[in-house]
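Q: Supplied in structure tokens, the structure appears directly below.
The values are calculated or read from the model by the stated rules, or taken from the named source; none is laboratory data. Just so it is clear, the model here is predicted, and its values are computed rather than measured. We place every Cβ from the backbone using ideal geometry, glycine too, and count neighbours over all the protein chains shown.
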Amino acid sequence: MLDVNQSNFGLFKQEGATKTTKLKVRDVFHLPLRVQIVVQFDEQFAPCGEEQGILAGFCGSLATDSSMFPINFKIWRNMPKSYLDHCWDNAIKVSESMAKRYVLQSNGKKWVANRLTIWNEFYDPTKGRNELISNVPNGIGRDQWATYVDHRLHPETQTLCIKNAERRKKQIVTHTGGSKSNVRRRREMLIECGHLIGRGHLFLATYKHQDGSWTLGKEHPRRVRCMGLTVTPTSSFGNTSLRLRDRLGQLESQLKSTLNAFKTYILIKE
């Protein structure tokens, strides 16, 4: 079982003792009972260190297991709570709400990608519905597969796929950081320079080409570029509407003071 905790440090935990050892994702499934892997989370509530790779790989293994997370639901948000509770009780122990949010987002992202991979591999435009349903992928129940095929062949889904394909053509902005995650890169830069790393430093490290040119583009409204999966504008910069409301209150107070002073000046002149 993975023990995801923001405040714990170490890798290998058994009966209260914490030890550090090398471990691969496939080894997680063969650990003895009561043995846990402790994952560190940084100040931005993102997993860091060597354990981050194990957590990401383990989430990928769970997301591609159709018995853990069936593929026949239209979207990740429709996944019944019973499946998520089963994951928390039997696979991942989460003691921090933000860490739980990361695991949910990571599993959801990998679940969507896995379904798309399966469809691209087994879909044949020359075959009809019944032929597609009869070609069931290994490890997936026939009922799940039939429901998923019907979802993919639905006119509304096909229209949405065409729109998404057109949108992806417009996404020409790419980073230059390679396969290393921004969270891991930020951690390495923190250790190297000895102080917290902002997204400006990460942007310089991941969006500049060797010839000195930059990769720029519009930022997603619900994400913060270079800061990782769980970071949002609100968690990084605070509530924008509250900041604007406070500023408007200050301006209104200044305006009232100015008007009162002007009225007093007019009365004195009269």
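Q: What residue, among those in the stretch 80-112 that are touching a residue at least 24 places away in the same chain (Cβ under 8 Å) and aliphatic (A, V, I, L, M), is nearest to His151 (Cα to Cα)? I'd like the intermediate steps shown before the answer.
A: First, pick out the residues of the stretch 80-112 that are touching a residue at least 24 places away in the same chain (Cβ under 8 Å): 87, 90-96, 98-103, 105-112.
Restricting the remaining residues to those that are aliphatic (A, V, I, L, M) gives 91-92, 94, 98-99, 103, 112.
Details: Ala91: 29, Ile92: 30, Val94: 33, Met98: 32, Ala99: 32, Val103: 26, Val112: 14 Å.
Restricting to residues being touching a residue at least 24 places away in the same chain (Cβ under 8 Å) and aliphatic (A, V, I, L, M), the top hit is Val112.
Q: Kindly establish whether Asn164 is in a helix (DSSP H, G or I) and either in contact (Cβ under 8 Å) with a residue 40 or more places away in the chain or not acidic (Asp, Glu) (or both). Working first, answer last.
A: Working: in a helix (DSSP H, G or I): yes; either in contact (Cβ under 8 Å) with a residue 40 or more places away in the chain or not acidic (Asp, Glu) (or both): yes.
Considered against the rule, which asks whether it is in a helix (DSSP H, G or I) and either in contact (Cβ under 8 Å) with a residue 40 or more places away in the chain or not acidic (Asp, Glu) (or both), Asn164 comes out as yes.
Residue-by-condition table, conditions (1) touching a Lys or Arg at 6+ places or on another chain (Cβ under 7 Å); (2) assigned to a helix (DSSP H, G or I); (3) closer than 27 Å to Thr21 by Cα:
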position: Glu51; (1), (2), (3): no, yes, yes
position: Gly57; (1), (2), (3): no, yes, yes
position: Ser61; (1), (2), (3): no, yes, yes
position: Ser66; (1), (2), (3): no, no, no
position: Phe69; (1), (2), (3): no, no, no
position: Asn72; (1), (2), (3): no, no, no
position: Ser82; (1), (2), (3): no, yes, no
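Q: Right, another one. Out of the residues in the stretch 26-63 meeting the condition of being acidic (Asp, Glu) and in contact (Cβ under 8 Å) with a residue 12 or more places away in the chain, tell me which one is surrounded by the fewest Cβ atoms within 10 Å (Cβ to Cβ). Outline the logic, then answer.
A: Of the stretch 26-63, the ones acidic (Asp, Glu) are 27, 42-43, 50-51.
Those still in the list that are in contact (Cβ under 8 Å) with a residue 12 or more places away in the chain too: 42-43, 50-51.
Working: Asp42: 18, Glu43: 9, Glu50: 13, Glu51: 22.
Filtering first and then ranking leaves Glu43.
Q: Same structure again: Check whether at least one residue in the stretch 219-237 is aromatic (Phe, Trp, Tyr), at pLDDT below 75 and either in a loop (DSSP other than H, G, I, E, B) or closer than 18 Å to Gln44 by Cβ (or both), and report yes or no.
A: First, pick out the residues of the stretch 219-237 that are aromatic (Phe, Trp, Tyr): 237.
In the following step, the residues that additionally are at pLDDT below 75 were identified as 237.
Right, trim to either in a loop (DSSP other than H, G, I, E, B) or closer than 18 Å to Gln44 by Cβ (or both) and you get 237.
Yes; the residues of the stretch 219-237 include at least one that is aromatic (Phe, Trp, Tyr), at pLDDT below 75 and either in a loop (DSSP other than H, G, I, E, B) or closer than 18 Å to Gln44 by Cβ (or both).
Q: If you don't mind, another one. Pick out the one residue from Ile191, Ile140, Ile118 that is β-branched (Val, Ile, Thr), over 30 Å from Gln40 (Cα atoms) and in a helix (DSSP H, G or I). Don't jump to the end; show me each part of the working.
A: Details: Ile191 fails: over 30 Å from Gln40 (Cα atoms); Ile140 fails: in a helix (DSSP H, G or I).
Being β-branched (Val, Ile, Thr), over 30 Å from Gln40 (Cα atoms) and in a helix (DSSP H, G or I) holds for just one of Ile191, Ile140, Ile118, which is Ile118.
Q: Assuming Ser253 fulfils every condition listed in (1) modelled with pLDDT under 75; (2) surrounded by fewer than 12 Cβ atoms within 10 Å (Cβ to Cβ) apart from one, which condition is it?
A: For Ser253, the failing item is (1).
Q: Next question, about the same structure. Which of the residues spanning the stretch 117-137 are among the polar types (S, T, N, Q), farther than 13 Å from Ile71 by Cβ and out of contact with any helix residue (DSSP H, G or I) (no Cβ under 7 Å at 6 or more places or on another chain)?
A: Just the residues of the stretch 117-137 that are among the polar types (S, T, N, Q), to begin with: 117, 120, 126, 130, 134-135.
From the residues that got through so far, the ones that are farther than 13 Å from Ile71 by Cβ too are 120, 126, 130, 134-135.
Those that are among the polar types (S, T, N, Q), farther than 13 Å from Ile71 by Cβ and out of contact with any helix residue (DSSP H, G or I) (no Cβ under 7 Å at 6 or more places or on another chain): Asn120, Thr126, Asn130, Ser134.
Q: Okay, next question. Please state which one of Tyr102, Tyr148 is in a helix (DSSP H, G or I), aromatic (Phe, Trp, Tyr) and either touching a strand residue (DSSP E or B) at 6+ places or on another chain (Cβ under 9 Å) or under 30 Å from Asn182 (Cβ atoms) (or both). Give the steps one after another, and end with the answer.
A: On the way: Tyr148 fails: either touching a strand residue (DSSP E or B) at 6+ places or on another chain (Cβ under 9 Å) or under 30 Å from Asn182 (Cβ atoms) (or both).
Going through Tyr102, Tyr148 in turn, the sole match is Tyr102.
Q: Something else about it: Report, ordered by the first and then the second residue, all pairs with beta carbons closer than 7 Å, sequence separation of six or more or different chains, a first member in the stretch 187-216 that is more than 21 Å from Glu51 (Cβ to Cβ) and exposed (fewer than 10 other Cβ atoms within 10 Å of the Cβ), and a second member that is at pLDDT 75 or above and not charged (D, E, K, R).
A: none
Q: Out of the residues in the stretch 64-101 that are of a type in the set (A, V, I, L, M, F, W, C) and within 22 Å of Cys161 (Cα to Cα), state the one that is surrounded by the most Cβ atoms within 10 Å (Cβ to Cβ). Show your work before the answer.
A: Of the stretch 64-101, the ones of a type in the set (A, V, I, L, M, F, W, C) are 68-69, 71, 73, 75-76, 79, 84, 87-88, 91-92, 94, 98-99.
Subset that is within 22 Å of Cys161 (Cα to Cα): 71, 73, 75-76, 79.
Details: Ile71: 21, Phe73: 18, Ile75: 10, Trp76: 17, Met79: 17.
So the residue we want is Ile71.
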